[in-house]
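Shown next, in structure tokens, is the structure this report addresses.
The values are calculated or read from the model by the stated rules, or taken from the named source; none is laboratory data. Nothing here was measured: the structure is a model prediction, and the numbers come from that model. Virtual Cβ from ideal backbone geometry, glycine too; neighbours counted across all protein chains shown. Please note that ligands, DNA and RNA were not included when accessible areas were found on the heavy atoms of the full protein model with its side chains. Shrake-Rupley method; radii C 1.70, N 1.55, O 1.52, S 1.80 Å.
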Amino acid sequence: MKGPLIVCITGLPGAGKTTVADALKSMGFSVISMGDVVRNEAKKRGLELNDANLGKVMLELRSTYGPDAIAVYVGEMIKSMNESKYFAIDGLRSVREADRLREYGYVKILAVHAPRARRFDFLVKRGRSDAPTDMHEFDARDRRELDVGVAEAIAFADAIVNNDCNKEELVNRALTIVKRWIDEYENMKAKA
């Protein structure tokens, strides 16, 4: 087996994906945010980093370059960071993206699920420029994510973590799963 362990974190906006990704940093994972790829493209275009513009850029990239366009960019980033053997990909949105990333390493998908009201509150409190201003905008964002395939990515996940708890418990739940995957990965590498 060649290539690094790639843990792809998926879920709807505000579910806790970045919290999990940040926790994986402490375990030696290099973290790549798929959302940052879109934000960087929006910046290059001189666009304000709001939900409407970021959604438009994400959809345009997928329409122009294919549904796995962002994963191709992320895969090239993984190749360029060849000193790392563990990667956490924050924001996987489709099975096609996971399939593309399998070209770069051993992929596991971790879905993070949180109740709708909890996700909305988190996004508002986080205070990023793309935060929803009301439930209508929040629902539209969820629909956009569902349209690009996040529900399928969640359904095909290797494990699901329920974020119905405090941050510490969410991190503990996720790290327990990922530690098993690291052991599995290291055992496979040893046998190869």
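When only residues in the range 1-12 that are at pLDDT 95 or above and open to solvent by 10 Å² or more (accessible area, probe 1.4 Å) count, which is nearest to the chain's Cα centre (by Cα)? Among residues in the range 1-12 that are at pLDDT 95 or above and open to solvent by 10 Å² or more (accessible area, probe 1.4 Å), the one nearest to the chain's Cα centre (by Cα) is Leu12.
One residue stands out in the range 1-24 among those that are part of a strand (DSSP E or B) and of a type outside the set (A, V, I, L, M): the one that is farthest from Asp99 (Cα to Cα), namely Thr10. Pairs meeting the criteria (first residue in the range 105-127 and in contact (Cβ under 8 Å) with a residue 60 or more places away in the chain, second residue among the aromatic types (Phe, Trp, Tyr) and open to solvent by 10 Å² or more (accessible area, probe 1.4 Å), beta carbons under 9 Å, at least 6 apart or on different chains) are Tyr106/Trp181; Lys108/Trp181; Ile109/Phe156; Leu110/Trp181; Ala111/Phe156; Ala114/Phe122. Of the residues making up the range 56-112, those that are in a helix (DSSP H, G or I), open to solvent by 10 Å² or more (accessible area, probe 1.4 Å) and among the charged types (D, E, K, R) are Lys56, Glu60, Arg62, Glu76, Lys79, Arg96, Asp99, Arg100. Would you check which residues across the range 10-55 are closer than 16 Å to Asn172 by Cβ and out of contact with any Ser or Thr (no Cβ under 8 Å at 6 or more places or on another chain) and list them? Listed by number, the residues that qualify are Gly16, Thr19, Val20, Asp22, Ala23, Leu24, Lys25, Ser26, Met27.
This table checks each residue for (1) in contact with a helix residue (DSSP H, G or I) (Cβ under 9 Å, 6 or more places away or on another chain); (2) more than 21 Å from Lys44 (Cα to Cα).
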position	(1), (2)
Arg62	yes, no
Tyr65	yes, no
Leu92	yes, yes
Ala140	yes, yes
Ile154	no, yes
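Filter the range 25-38 for residues that are assigned to a helix (DSSP H, G or I) and open to solvent by 40 Å² or more (accessible area, probe 1.4 Å) and give the result. Full working, then the answer.
Here is the first cut: in the range 25-38, the ones assigned to a helix (DSSP H, G or I) are 25, 34-38.
Across the range 25-38, the qualifying residues are Lys25, Asp36.
Looking at Lys167, is it open to solvent by 10 Å² or more (accessible area, probe 1.4 Å), in contact (Cβ under 8 Å) with a residue 60 or more places away in the chain and farther than 22 Å from Gly14 by Cβ? Considered against the rule, which asks whether it is open to solvent by 10 Å² or more (accessible area, probe 1.4 Å), in contact (Cβ under 8 Å) with a residue 60 or more places away in the chain and farther than 22 Å from Gly14 by Cβ, Lys167 comes out as no.
Can you find a residue that is touching a helix residue (DSSP H, G or I) at 6+ places or on another chain (Cβ under 8 Å) and open to solvent by 80 Å² or more (accessible area, probe 1.4 Å) anywhere in the range 170-184?
To start, the set of residues in the range 170-184 that are touching a helix residue (DSSP H, G or I) at 6+ places or on another chain (Cβ under 8 Å) comprises 170-171, 174-175, 178.
With open to solvent by 80 Å² or more (accessible area, probe 1.4 Å) added as a condition, the list becomes none.
No.
Arg118 versus (1) open to solvent by less than 50 Å² (accessible area, probe 1.4 Å); (2) more than 23 Å from Val7 (Cα to Cα): which is the lone unmet condition? Every listed condition holds for Arg118 apart from (1).
Residue pairs whose Cβ atoms lie under 9 Å apart, separated by 6 or more positions or on different chains, with the first residue in the range 170-192 and free of Cβ contacts under 8 Å to residues at least 60 places away in the same chain and the second of a type outside the set (A, V, I, L, M, F, W, C) and surrounded by 12 or more Cβ atoms within 10 Å (Cβ to Cβ), are Arg173/Asn162; Arg173/Asn163; Glu184/Tyr106; Glu184/Lys108. For the range 17-57, filtering for residues that are among the aliphatic types (A, V, I, L, M) and over 14 Å from the mean Cα position of the chain (by Cα) leaves 7. In this structure, is Asp142 at pLDDT below 95 and farther than 20 Å from Leu24 by Cβ? Here the answer is no, as Asp142 does not meet what is asked.
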